[in-house]
1. In contact (Cβ under 8 Å) with a residue 40 or more places away in the chain and either in a loop (DSSP other than H, G, I, E, B) or within 11 Å of ligand 1 (Cβ to nearest atom) (or both): does that describe residue 233?
2. So residue 271 passes all but one of these: (1) part of a loop (DSSP other than H, G, I, E, B); (2) among the charged types (D, E, K, R); (3) away from ligand 2 (no atom under 16 Å from the Cβ). Which condition number does it fail?
3. Answer yes or no: is there a residue in segment 168-177 that is part of a loop (DSSP other than H, G, I, E, B), in contact (Cβ under 8 Å) with a residue 24 or more places away in the chain, surrounded by fewer than 19 Cβ atoms within 10 Å (Cβ to Cβ) and within 16 Å of ligand 2 (Cβ to nearest atom).
4. Condition first: aromatic (Phe, Trp, Tyr) and at pLDDT 95 or above. Now tell me which residues in segment 288-312 satisfy that.
5. Could you list, in sequence order, all residues of segment 303-314 that are in contact with a strand residue (DSSP E or B) (Cβ under 7 Å, 6 or more places away or on another chain) and either polar (S, T, N, Q) or not in a strand (DSSP E or B) (or both)?
6. Within segment 220-230, track down each residue that is away from ligand 2 (no atom under 16 Å from the Cβ) and either in a strand (DSSP E or B) or polar (S, T, N, Q) (or both).
7. Just the residues that are within 18 Å of the chain's Cα centre (by Cα), assigned to a strand (DSSP E or B) and not aromatic (Phe, Trp, Tyr), please, taken from segment 123-152.
8. Conditions: (1) assigned to a loop (DSSP other than H, G, I, E, B); (2) within 16 Å of ligand 1 (Cβ to nearest atom). Residue 155 meets all but one. Number of the miss?
Amino acid sequence: MHHRPNRGFDHAVPSEITPRSVYERRRELLKLMALGAGGAALSGWVARDAMAQAARPNKLAPLPGTRSTVPGAITMEKLTSYNDVTSYNNYYEFGTDKADPARNAGSLKTRPWTVAIEGEVKKPKVYDLDELLKLAPMEERIYRLRCVEGWSMVIPWVGYSLSELIKRVEPTGNAKYVEFVTLGDAKQMPFLGSRVLSWPYVEGLRLDEAMNPLALLAFGLYGEVLPNQNGAPVRLAVPWKYGFKSGKSIVKIRFTDKQPLTSWNHAAAQEYGFFSNVNPTVDHPRWSQATERRIGEDGLFAKKRATLMFNGYEAQVGQLYAGMDLKKLF
Ligand SMILES: Nc1nc2c(c(=O)[nH]1)N[C@H]1C(S)=C(S)[C@@H](COP(=O)(O)O)O[C@H]1N2
Ligand SMILES: [Mo]
């Protein structure tokens, strides 16, 4: 692989740039506080959050995005703090404890990085990360993320619709599914020796799901490039599905005529279906999926929240599943 100029995406650089989302949110919160909404305890907590984000040292390289106009792309719910988003993670290649990825993912080398497009497409191609970063305008999207384990977050992503990439590679008439292969390199990933999952971590979508504008190819969060533990340098964010459908650190996207064998489906097919749409009426065999705990809100006053059908994105994606038995095709 030949050397490419370092454009500063892989190193922490000090930055005075405040992402617009943070600024706007802060302004919103100040207004809220002036009205006394939520009471003193809540506004104090929320203000500390905004201040912690503004004063955060070791910011990563800025990656701004303009606010998305895709329907459903911006939830107005309170953001999960940057600290929680980047220190409570699932990235099993770096360990199964929630704190492991933040601790261990420093060894992930995110430059140079390529994503190979293969299979049933008219224009297969190996994209360099720099090319992907310029492929379409970066947008900010504020999505709920609901993990199959029963917790959720609200994350301001930066990226563009996966469909932007798919359109350019021109799927053939045989393409029915899209397989996402993520990095599986034992030299960089300390847990690849473990057998909790088959590596590399593989996920998949049906082509029409992948084409839905809400399916996001994400390169950043909170106005900066992705921290390694969140799936740098490029990952998916598919907000209406359980979090595990959104593979981190993607290296290959393959178009197929058959449903891909995904890592979680392979590990426990009775527990993790191929579709894995968020669905409060279909329980996991070992626990209910009716409610969730919002990370950062599990203090004194926290109530569990009701989990919403398709994680609240039913208006945007419900039609994809018309006529399907979602209890069977979970
Ligand atoms: N490669 C890879 N991608 C992954 C995972 C993983 O272990 N490896 N975990 C998944 C799970 S279970 C969830 S909930 C989300 C978590 O994303 P976050 O840590 O950025 O919140 O990433 C998903 N993508
Ligand atoms: Mo998850």
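The values are calculated or read from the model by the stated rules, or taken from the named source; none is laboratory data. No experiment lies behind these values; they were computed from the predicted model shown. All Cβ positions, glycine included, derive from the backbone under ideal geometry; neighbour counts span all protein chains shown.
1. Numbers: in contact (Cβ under 8 Å) with a residue 40 or more places away in the chain: yes; either in a loop (DSSP other than H, G, I, E, B) or within 11 Å of ligand 1 (Cβ to nearest atom) (or both): yes.
Answer is yes for this residue.
2. Of (1) part of a loop (DSSP other than H, G, I, E, B); (2) among the charged types (D, E, K, R); (3) away from ligand 2 (no atom under 16 Å from the Cβ), only one is false for residue 271: (3).
3. no
4. First, the residues of segment 288-312 that are aromatic (Phe, Trp, Tyr): 301, 310.
Within segment 288-312, 310 is the sole residue that qualifies.
5. Correct list: 304, 307, 310, 311, 312.
6. Narrowing segment 220-230 to residues away from ligand 2 (no atom under 16 Å from the Cβ): 220-228.
Within segment 220-230, 220, 221, 224, 225, 228 qualify.
7. 139, 140, 141, 142, 144, 145, 146, 152
8. Failing condition for residue 155: (1).
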